[in-house]
1. Anyone know which of 28, 280, 250 comes out most mobile in the 10 Å Cα GNM of the chain?
2. Express in nm, to one decimal, how much length is gained between residue 271 and residue 234 on full extension, taking 0.36 nm for each residue of separation and deducting their alpha carbon distance.
3. On a full-extension model of 0.36 nm per residue, what is the gain between residue 150 and residue 288, subtracting their alpha-carbon distance, rounded to one decimal in nm?
4. Using a Gaussian network model of the chain whose springs link C-alpha atoms within less than 10 Å, name the residue from 11, 24, 240 with the highest mean-square fluctuation.
5. Simple spin-label model, 7 Å along Cα-to-Cβ: residue 206 to residue 131 in nm?
6. Evaluate the distance, in nm, between pseudo-label points positioned 7 Å from the Cα of residue 74 and of residue 177 along their respective Cα→Cβ axes.
């Protein structure tokens with residue numbers, strides 16, 4: 001794991017926030033069409049079917065997945081079963097600005113978990129990078145006016161995003177334990193993702209079953225939902241998880257965590273585009289702050 005940030009590594013870590021921003025916008029758009037936890041199940045079921053021709057051998061009896069099932073069951077729980085289910089649930093019950101604000105704590109979770117459980121030293125430049133990065137996020141949330149932050153009101157649904165952020169930080173740190181992964185799975189990105197999706201689907205089905213058992217639910221099938229599922233399965237699921245895994249291995253979770261704060265910036269731009277509003281000056285300032293936080297934190 002190398003803390004030096006190359007251009008190719010930066011590109012790998014920039015793709016997931018862009019796709020995840022689209023995921024948040026899509027999840028909000030279809031919140032009335034499908035229950036949030038069921039949406040997560042359908043998303044990963046479609047991703048599984050797409051990966052099947054590429055990595056179907058992972059399901060065979062002699063696959064290296066089964067001797068290491070505990071590790072992949074935990075990765076599947078955190079990255080597949082919990083993270084996006086909690087995010088979709090939050091988009092159903094909370095406001096987008098609150099969801100983004102709470103998710104901005106990702107670098108802090110990355111640094112804290114790394115220091116407590118993974119023996120990582122936290123340097124002053126990393127805290128400085130966290131301050132710069134979160135300042136950029138807050139600028140976007142405040143729409144260029146700091147006084148707007150006083151208008152934010154937290155609701156119980158924001159707790160779901162807090163849990164999702166903690167789960168994602170833990171998941172990212174577990175990715176660095178490469179010595180626990182069989183070489184056959186590490187040699188193929190599709191096999192490595194499939195190894196997480198298989199147990200992740202079981203977790204997602206369990207959670208979705210609880211959702212339907214707790215209260216009556218319905219799904220409005222149609223082209224809008226089909227297109228949304230295609231996007232969230234191919235982009236934010238398969239492509240984003242592939243890029244994030246490779247980026248974390250190269251740069252480490254502490255540096256990668258700062259890139260996650262590009263998500264609210266991309267989300268603000270995408271939302272503005274959908275609403276027909278042009279980007280503002282504060283978007284550019286926030287971009288400089290967030291990128292500055294990434295550069296400061298990743299310096300030798």
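1. Largest GNM mean-square fluctuation: 280.
2. Numbers: separation 37, 0.36 × 37 = 13.32 nm, distance 2.06 nm.
Once the chain is fully extended between residue 271 and residue 234, it gains 11.3 nm.
3. 47.3 nm
4. Evaluated over the chain, the most mobile residue of the options is 11.
5. About 4.3 nm, to one decimal.
6. 0.3 nm
Any read-out appearing in this document is the output of simple, stated calculations on the displayed coordinates, not a laboratory observation. A quick note: this is a predicted structure, and the numbers were derived from the prediction, not measured. Note that we place each Cβ from the backbone using ideal geometry, even for glycine, and neighbour counts take in every protein chain shown.
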